[in-house]
Amino acid sequence: MSVHEQFADDLALYALGCLEGDERAALEKHLEECASCRRELEQLRGDAALLALSASGPRPPARSQARLMEAIAKEPRGLGSVAKASGARWWAVWGWAAAVAMIVVAAMVWNQNAKLKSSIAELQGLSEQQRFELEHARHVVDTLTAQDVQRVDVMQVGAKQPPPQGKAIYSRQNNGLIFVASNLLPLPAQKAYELWIIPTKGAPIPAGVFKPDAHGGAMVINPPIPAGVEAKAFAITIEPEAGSTTPTMPIVMLGG
Amino acid sequence: MAQLYTRYSAVVYAVALRVLADTAAAEDVLQEIFMQLWRNPGAFDAGRGNLAPWLAVITRNRAVDSLRKRRPQTDILETTLSVEPDLAGDADRGRAMEKVRAALTEMPAAQRSSLEMAYFQGYSHSEISHKTGEPLGTIKTRIRTGLMLLRKAVETR
């Protein structure tokens with residue numbers, strides 16, 4: 001035993017709960033610092049338990065059990081009055097409440113997550129479709145506006161060179177206008193062709209200024225025009241390069 | 001709870017009666033101990049094996065408090081036995097107790113008396129010295145060596 005000898009006897013008394021006064025205080029102070037004496041104290045408490053167990057006698061009367069069961073029936077388990085245990089039980093209640101809350105929240109999050117996943121999948125599908133359409137449209141525009149674009153009129157073999165002509169493709173609903181011209185005559189200096197929408201009601205609406213290339217070809221794609229215009233015809237005039245707000249006569253090309 | 005009572009009520013009642021020497025008072029302590037267990041199911045671990053040593057100690061403490069007419073000195077939740085007698089079952093406990101009782105019978109009467117006055121009657125060492133007329137040092141040594149004899153008796157079984 002590596003217990004400090006001066007405390008050996010006091011440890012035994014302390015284990016039995018019969019050490020008092022200054023000696024008790026001195027031992028408790030020593031125990032704070034001495035692990036070997038703490039171990040011996042625990043051993044002595046085990047020895048004291050043997051002493052307690054040595055007690056023998058008659059069994060408790062039957063009325064004791066009946067009295068206990070009656071008291072238990074009146075006091076549901078877990079609702080006692082011991083403050084320390086009461087605190088523990090409340091934590092247990094809060095623990096269950098927290099667990100239930102977690103399950104509810106988890107279910108809500110799962111449900112929301114499923115909806116979000118569905119929305120994301122839907123948006124991804126829509127986005128993919130739009131991306132495809134955009135690429136298709138961009139490819140069309142890129143071809144039409146490429147620097148090396150060749151605009152060739154394919155005609156009956158042996159036919160004469162066709163006159164200047166153009167084709168206007170207009171959608172009122174989409175507010176879109178594409179105009180493609182060929183065989184246009186060269187322009188005087190500082191002049192340009194201007195496309196006009198002739199509406200069913202009101203004055204002609206300017207729809208873009210353009211100059212033909214070396215082969216007489218030209219194109220106008222979706223010029224800025226008012227929405228919802230009902231077109232009766234399309235016309236071309238020759239205007240200053242900056243364009244005009246009203247057509248300058250004469251109309252050199254007309255269709256409708 | 002009924003099973004716990006069947007198995008351990010005899011230990012609790014015996015310790016309480018040993019301390020209090022009064023059946024009604026012992027029944028009160030018995031009731032109090034088992035109600036504490038009922039109210040604090042987490043106070044003991046059913047898987048720890050034999051609860052008898054721990055129950056005997058907390059019963060002794062509560063009974064001595066009652067005998068000395070003082071407020072409970074310790075909560076049963078704070079009473080622990082980190083080194084318990086190696087009593088795996090009730091049969092082991094029975095054999096060990098035979099050894100302990102034999103050791104108590106064999107030790108000098110003055111030594112046994114000092115142990116019992118300290119543990120079962122809750123006297124302080126100075127009170128024992130005053131009642132017996134023996135020097136304090138003698139009382140201390142008797143108590144320590146008495147406990148050692150009990151330990152040795154169980155270890156050599």
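The values are calculated or read from the model by the stated rules, or taken from the named source; none is laboratory data. If you're wondering where the values come from, they're calculated on a predicted model, not measured in any experiment. Note that each Cβ is placed from the backbone with ideal geometry, even for glycine, and that neighbours are counted across all protein chains shown.
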Every residue from segment A:16-64 that is more than 7 Å from every other protein chain (Cβ to nearest Cβ) and within 23 Å of B:D92 (Cβ to Cβ)
A:P58
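Just one of B:D45, B:D22 is at pLDDT 90 or above and more than 8 Å from every other protein chain (Cβ to nearest Cβ); which is it? Let's see the steps before the verdict.
Details: B:D45 fails: at pLDDT 90 or above.
The unique qualifying residue is B:D22.
Of the residues A:P199, A:P188, A:P206, which single one is crowded, with 18+ Cβ neighbours inside 10 Å and at pLDDT 90 or above? Let's see the steps before the verdict.
Working: A:P199 fails: crowded, with 18+ Cβ neighbours inside 10 Å; A:P188 fails: crowded, with 18+ Cβ neighbours inside 10 Å.
Result of the check over A:P199, A:P188, A:P206: A:P206.
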Output yes when any residue across segment A:70-86 is modelled with pLDDT of 80 or more, under 60 Å from the mean Cα position of the chain (by Cα) and facing chain B (nearest Cβ under 9 Å), and no when none is.
yes
Taking the conditions exactly as written (at pLDDT 90 or above and in a loop (DSSP other than H, G, I, E, B)), does A:P212 satisfy them or not?
yes
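Which residue out of A:V93, A:V149, A:V105, A:V141 is in a loop (DSSP other than H, G, I, E, B) and either β-branched (V, I, T) or at pLDDT below 75 (or both)?
Details: A:V93 fails: in a loop (DSSP other than H, G, I, E, B); A:V105 fails: in a loop (DSSP other than H, G, I, E, B); A:V141 fails: in a loop (DSSP other than H, G, I, E, B).
None of the others qualify; the one that does is A:V149.
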